[in-house]
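The values are calculated or read from the model by the stated rules, or taken from the named source; none is laboratory data. As the structure is a computational prediction, the values presented were derived from the model and not from experiment. Here the Cβ positions follow ideal geometry from the backbone for every residue, glycine too, while neighbour counts run over all protein chains shown. In case anyone asks, the SASA skips ligands and DNA or RNA and just uses the protein heavy atoms, side chains included. Shrake-Rupley method; radii C 1.70, N 1.55, O 1.52, S 1.80 Å.
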Amino acid sequence: THTVSGDYVIFPIHAKTKSCDVPGTYNSGALAYSPTTGKLYEIASGPQSEGVLLVQAKENQIFWPYVNAATAKETFRILDSESFGSIANGAGQIRASSDSSPLYLDGIYYFGTVNSPQPICQGTTGSDYEKDCGAIFGVDPQGQVVRRLDVDKGFRNWITASPVTDGTHIYTGGGAQSKGDTETEYLYGCSLLKLDKDLNIVASADPGDEG
């Protein structure tokens with residue numbers, strides 16, 4: 001989805017070249033289109049994204065989550081919304097990818113990560129990467145992770161529904177909790193969630209619940 005930053009229309013790219021007859025010039029990164037010049041400009045290369053680039057005018061920033069965190073070696077990047085220069089990234093903090101759009105609320109960027117059935121997310125590779133899968137994070141404008149809801153807090157959910165807010169609470173939802181071979185405990189998989197700003201679960205609803 002395209003969005004506007006200043007005089008430009010910007011959008012990320014995630015080209016799955018295996019399904020393209022002829023790969024395009026740009027298969028990753030982000031582009032900016034200028035209605036004034038009628039030209040496209042590459043503002044970043046490498047990362048791929050399926051979510052919307054979140055332009056936050058108050059911070060003069062763009063928050064950009066990635067779907068290819070494993071190869072990009074970072075899960076998000078924060079850009080200057082005027083120069084498009086990189087301000088910060090998530091290298092060394094979060095290792096799982098994100099395929100939904102982020103939310104900005106009261107000075108924090110919130111977004112969730114994937115929880116794929118591949119071994120890297122299911123703890124069968126000997127890596128602790130899996131703790132970042134199926135989680136929700138809060139990142140400040142300096143690029144530091146300041147809040148997280150993950151399996152250590154009894155939560156595991158592929159966040160496929162981009163978080164939204166009513167100004168007080170955060171609402172989101174997702175897919176399967178898939179925690180290795182263990183499915184004996186409820187970790188809010190396939191559920192809708194109501195969270196406070198500190199990522200505490202206030203309420204939840206699982207498909208099939210009544211009331």
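Quick notes
- Within the chain, the longest run free of GluC sites (Glu not before Pro) that sit in a DSSP loop with at most 11 other Cβ atoms within 10 Å is 1-184.
- Accessible surface, per residue, of the chain when the full set of protein chains is kept, probe 1.4 Å, Å²: 49
- Relative to the Cα centre, the charge distribution of the chain, modelled as +1 at Lys and Arg Cβ and -1 at Asp and Glu Cβ, gives a dipole magnitude of about 440 debye.
- Estimated FRET transfer efficiency (residue 169, residue 57; beta-carbon r; R0 22 Å; 0.05): 0.45
- Entries of 131/194; 73/194; 58/197 with Cα pairs more than 27 Å apart: 73/194
- Just the protein heavy atoms count here, and of the accessible area of the chain at 1.4 Å, carbon and sulfur take up 49 percent.
- Histogram of C-alpha separations across the chain, 5 Å bin width, %: 1, 7, 15, 19, 19, 15, 11, 7, 4, 1, 0, 0
- Longest DSSP-loop-exposure-free segment, trypsin sites (Lys or Arg not before Pro), the chain, at most 15 other Cβ within 10 Å: 74-211
- Within the chain, the longest run free of chymotrypsin sites (Phe, Trp or Tyr not before Pro) that sit in a DSSP loop with at most 16 other Cβ atoms within 10 Å is 27-185.
- Taking 0.36 nm per residue of separation and subtracting the Cα-Cα distance, full extension of the segment from residue 80 to residue 27 would add 16.8 nm.
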